[in-house]
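A.B. asks: Structure below; questions to follow.
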Amino acid sequence: MTATVFDIQRGSFVDGPGIRTTVFFKGCNLRCRWCHNPESQLAKKELLFYKNNCKGCGKCREVCPHRLLSCDLCGRCALFCPADARRLCGEEMPIGKIFSVVAKDRAYYEKSGGGVTVSGGECMLQIDALCELLKMCKEDGISTAVDTAGDVPFSAFEKILPYTDLFLYDVKAITEKLHLAGTGVSNVRILENLVKLSGRADIIVRVPVIGGFNDTEEEIGKIADFLAPLRTRSVECLPYHRLGEHKYAALGRACESFRIPSQEEMAHLSALLVR
């Protein structure tokens, strides 16, 4: 069995407790306007071109079977580029190969209380591959976490529950119209799934705070009210950032910018959210 992966990051401290290896599955059914990993959205392979890195040496054209007049995503231009200006994103990886990578840092997981986090995109869109990877980790004593936006049938959660120690669950808005405008999808199934999952799993809810989108006392208050009766480990506020803007240019896509909340705003909204 294989999974479409666009990155594996070892030594992460931001995707759950302790030291972690984060496996990023490619493909997502949301289109968040502030997405900082736009290369994660499409399930297919993509070629990114970082124009500012290009030295104009012409090596890419020399090795390309089509002289850059068309692209079949063979990856030769990225392989031979001396300036790392071209990068092929997306690889079909056997689950066993992914596991062999994450298992290398088992000692760090054990000492720090960390483990493996599977993220995306939306990793639960590749539910069979995800389940197989989580099962292999659990059988080897490696703690597991799944980072999800939750917009999948609940049967997908039930399939991986026996092999998942922690869910990192995104809640972006409660107002359905607002969620639809920001992500392109309704939040009805997302919120229903979170209610069903509450009490059956260990959950950290993560709320991205996006300036000009959900950074109001009214919307954050609605999120707090919704979460209040649920059984979750904690709620985290994550401030919007612009670290992924260069990726949009590399993909040839327009990038929409939002306001970055100040530290004071984050502290105020976090106090409203974490009661």
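The values are calculated or read from the model by the stated rules, or taken from the named source; none is laboratory data. The structure presented is a predicted model; accordingly, all values stated were derived computationally and were not measured. Here the Cβ is made from the backbone with ideal geometry for all residues, glycine too, and neighbour counts use every protein chain on show. Accessible surface is based on the protein model in full, side chains and every heavy atom, while ligands, DNA and RNA are left aside. Shrake-Rupley method; radii C 1.70, N 1.55, O 1.52, S 1.80 Å.
A.B. asks: So which residues in the stretch 65-80 are in contact with a Leu (Cβ under 7 Å, 6 or more places away or on another chain) and open to solvent by less than 70 Å² (accessible area, probe 1.4 Å)?
C.D. replies: LEU73, GLY75, ALA78
A.B. asks: Scan the strands (runs of 3 or more DSSP E) fully inside the stretch 60-178 and keep the ones with 3 or more residues being of a type in the set (A, V, I, L, M, F, W, C).
C.D. replies: Per the criteria, 166-170.
Every residue, every condition in (1) among the hydroxyl-bearing types (Ser, Thr, Tyr); (2) surrounded by fewer than 17 Cβ atoms within 10 Å (Cβ to Cβ); (3) closer than 18 Å to ILE8 by Cα, yes or no:
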| site | (1), (2), (3) |
| --- | --- |
| THR22 | yes, no, yes |
| PRO82 | no, yes, no |
| CYS89 | no, no, yes |
| VAL102 | no, no, yes |
| GLU110 | no, yes, no |
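A.B. asks: Which numbered condition in (1) charged (D, E, K, R); (2) touching a Lys or Arg at 6+ places or on another chain (Cβ under 9 Å); (3) crowded, with 19+ Cβ neighbours inside 10 Å is the only one that LYS172 fails?
C.D. replies: (2)
A.B. asks: Let me ask something else about it. Restrict the check to the stretch 148-163 and report whether at least one residue is of a type in the set (Ser, Thr, Tyr), free of Cβ contacts under 8 Å to residues at least 60 places away in the same chain, touching a helix residue (DSSP H, G or I) at 6+ places or on another chain (Cβ under 8 Å) and open to solvent by 10 Å² or more (accessible area, probe 1.4 Å).
C.D. replies: yes
A.B. asks: What single numbered condition from (1) aliphatic (A, V, I, L, M); (2) open to solvent by less than 20 Å² (accessible area, probe 1.4 Å); (3) within 25 Å of LEU227 (Cβ to Cβ) fails to hold for LEU178?
C.D. replies: Going through the list (1) aliphatic (A, V, I, L, M); (2) open to solvent by less than 20 Å² (accessible area, probe 1.4 Å); (3) within 25 Å of LEU227 (Cβ to Cβ), LEU178 breaks only (2).
A.B. asks: Looking at the stretch 235-253, can you tell me whether even one residue there is free of Cβ contacts under 8 Å to residues at least 40 places away in the same chain, part of a strand (DSSP E or B) and more than 17 Å from the chain's Cα centre (by Cα)?
C.D. replies: yes
A.B. asks: Specify the residue that is farthest from ALA78 (Cα to Cα); the eligible residues are those in the stretch 43-59 that are free of Cβ contacts under 8 Å to residues at least 60 places away in the same chain and not in a helix (DSSP H, G or I).
C.D. replies: The selected residue is LYS44.
A.B. asks: Taking the stretch 39-58 only, how many residues are touching a Leu at 6+ places or on another chain (Cβ under 9 Å) and under 30 Å from TYR108 (Cα atoms)?
C.D. replies: 1
A.B. asks: Which of the residues that make up the stretch 205-232 are open to solvent by 30 Å² or more (accessible area, probe 1.4 Å), of a type in the set (D, E, K, R) and farther than 18 Å from GLU264 by Cβ?
C.D. replies: The answer is GLU218, LYS222, ASP225, ARG231.
A.B. asks: Only residues that are within 13 Å of the chain's Cα centre (by Cα) and outside any strand (DSSP E or B): list them for the stretch 8-33, please.
C.D. replies: Residues satisfying the conditions are VAL14, ASP15, GLY16, LYS26, GLY27, CYS28, ASN29, LEU30, ARG31, CYS32.
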